[in-house]
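Student: Pasting in a structure now, in C-alpha cells, and then I'll have a few things to ask.
The values are calculated or read from the model by the stated rules, or taken from the named source; none is laboratory data. Keep in mind that what you see is a predicted model, and the values were worked out from it rather than measured. Cβ coordinates were reconstructed from backbone atoms using ideal geometry, including for glycine residues, and neighbour counts include every protein chain displayed. Only protein heavy atoms, including side chains, enter the accessible area calculation; ligands, DNA and RNA are left aside. Shrake-Rupley method; radii C 1.70, N 1.55, O 1.52, S 1.80 Å.
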Amino acid sequence: INTGGQWSYISVMDNGRGIPADKIEEVFRWRYTTKPNNSGLGLGIVRRIAEKYNGSAEIESEVNEGTEVSVSLQEK
C-alpha cells in the first residue's frame with residue numbers, strides 16, 4: 001500500500017497463467033467467471049467500490065506471465 005498525498009494505492013500481482021487481452025475488461029463484469037465453482041463477483045465489487053470513492057481498479061496482464069490488479073482510492 002502506498003499513500004501519496006490525497007490518494008492511496010494498492011497493487012496485487014501473481015505469476016499465474018495471465019488473462020488474454022480481449023478478456024481484461026470482462027473480469028470486471030458482474031458475475032463473469034471462467035471457473036466452475038466461482039461466483040464472479042470479486043473484481044466487479046472491487047471496481048464498484050473504487051469508483052464510489054472516485055478511484056479506479058485496473059488490470060495489467062500477460063498470458064503465461066501473470067496479472068497485476070491496481071486499485072487507487074481518493075482520500076477525503
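Student: Computing the accessible area with a 1.4 Å probe over protein heavy atoms, can you report the carbon and sulfur percentage for the chain?
Tutor: Ligands and nucleic acids excluded, carbon and sulfur reach 49 percent.
Student: Give the accessible area for THR34 in Å² (nearest 10); use a 1.4 Å probe, count only protein heavy atoms, and leave out ligands, DNA and RNA.
Tutor: About 100 Å², rounded to the nearest 10.
Student: Here's another thing I want to ask about it. What dipole magnitude, in Debye to the nearest 20, does the chain give about its Cα centre under +1 on Lys/Arg Cβ and -1 on Asp/Glu Cβ?
Tutor: Result for the chain is approximately 460 debye, rounded to the nearest 20.
Student: From the P(r) of the chain, can you give the percent of Cα pairs sitting at distances over 22 Å?
Tutor: Above the 22 Å cut-off, the chain has 26 percent of its Cα pairs.
Student: What figure in square angstrom, to the nearest 10, would you give for the accessible area of VAL46 with a 1.4 Å probe?
Tutor: The value for VAL46 is about 50 Å².
Student: What does the extension gain come out to for GLU26 and GLU62, with contour length at 0.36 nm per residue minus their alpha carbon separation?
Tutor: Going from the current span to full extension adds 11.4 nm.
Student: Something else: Going through the range 1-71, which GluC sites (Glu not before Pro) have at most 16 other Cβ atoms within 10 Å and a DSSP loop state?
Tutor: GLU65
Student: Measure nothing but the geometry: give the 0 to 90° angle between the long axis through the Cα atoms of 42-52 and the longest principal axis through the Cα atoms of the chain, rounded to 10°.
Tutor: So the helix axis and the longest Cα principal axis differ by about 30 degrees.
Student: When the chain is modelled as a GNM with alpha-carbon springs shorter than 10 Å, which of LYS23, LYS52, LYS35 fluctuates the most?
Tutor: LYS35
Student: A further question follows. Find the accessible area per residue for the chain; the probe is 1.4 Å, ligands and nucleic acids are left out, and the unit is Å².
Tutor: 75
Student: Find how much the distance from GLN6 to ASN37 grows on full extension, using 0.36 nm per residue of separation minus their present alpha carbon separation; answer in nm with one decimal.
Tutor: 7.3 nm
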